[in-house]
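Colleague: My questions will all concern the structure given below.
The values are calculated or read from the model by the stated rules, or taken from the named source; none is laboratory data. These figures come from a predicted structure and were not determined experimentally. Cβ coordinates were reconstructed from backbone atoms using ideal geometry, including for glycine residues, and neighbour counts include every protein chain displayed.
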Amino acid sequence: MTHISVKVDGTTYQDDVEPRLLLIHYLRDRLGLTGTPIGCDTSNCGSCTVDLDGESVKSCSVLTVQADGGEVTTVQGLARNGEWTDLQKAFHERHALQCGYCTPGMIMAARDLLREHPHPTPDEVRHGLEGNLCRCTGYQNIVEAVLAASEQEVTT
């Protein structure tokens, strides 16, 4: 077992974990943060995307011990005082989801994209989200939601 200290969605956790424990399993199984889904367990789909120290990562490809001393933000940690961020609102208003399975990863990847490119073009949005798969929407509403959010002040 390895002792870790990690801040997740604003709360610091001290834990003993197996060195091989994936971050996605720590978040879901140990902390009960099930808003981040397990999509493929191979880092292909991006559903499990979270922020680790300010960068989006696929949590199925990161060991929990790699997050030791770091800060993780999940989709569940975005809203403040029950108020969705502009990006979350845009996804809802633009119907940028159908089954919703990919939505947490899409939102987290889009958040990272908007930090780097606050006013992206449609092509930049598509490129920025290419590591995240959606099997339902055809992506158009997702692109429109990200563009809509970029026209507002994007809250983190």
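Colleague: Quick check on my filter: what residues within the stretch 120-156 are touching a helix residue (DSSP H, G or I) at 6+ places or on another chain (Cβ under 8 Å), closer than 28 Å to GLY82 by Cβ, exposed (fewer than 15 other Cβ atoms within 10 Å of the Cβ) and of a type outside the set (Asp, Glu)?
Modeller: GLN152, THR156 - these are the residues of the stretch 120-156 that are touching a helix residue (DSSP H, G or I) at 6+ places or on another chain (Cβ under 8 Å), closer than 28 Å to GLY82 by Cβ, exposed (fewer than 15 other Cβ atoms within 10 Å of the Cβ) and of a type outside the set (Asp, Glu).
Colleague: Anything in the stretch 84-110 that is surrounded by fewer than 17 Cβ atoms within 10 Å (Cβ to Cβ) and not charged (D, E, K, R)? List them, or say none.
Modeller: Across the stretch 84-110, the qualifying residues are TRP84, HIS92, HIS95, GLN98, CYS99, GLY100.
Colleague: Another question, if that's okay. For ASP15, state whether it is under 21 Å from ALA149 (Cβ atoms) and part of a strand (DSSP E or B).
Modeller: Judged against the criteria, ASP15 is not a match.
Colleague: Can you confirm whether PRO118 is at pLDDT 90 or above and closer than 26 Å to THR12 by Cα?
Modeller: When the stated conditions are applied, PRO118 does not pass them.
Colleague: Pick from GLY39, GLY35, GLY46: which is at positive phi and in a loop (DSSP other than H, G, I, E, B)? Spell out the reasoning first.
Modeller: Values: GLY39 fails: at positive phi; GLY35 fails: at positive phi.
After applying the criteria, what remains is GLY46.
Colleague: Right, here's the next one. Any idea which of ALA90, ALA96 is small (Gly, Ala, Ser) and at pLDDT 95 or above?
Modeller: Values: ALA96 fails: at pLDDT 95 or above.
ALA90 is the lone residue from the list that is small (Gly, Ala, Ser) and at pLDDT 95 or above.
Colleague: Out of everything in the stretch 55-83 that is at pLDDT below 95 and part of a loop (DSSP other than H, G, I, E, B), what residue ends up being surrounded by the most Cβ atoms within 10 Å (Cβ to Cβ)?
Modeller: Only one residue fits best here, namely ALA79.
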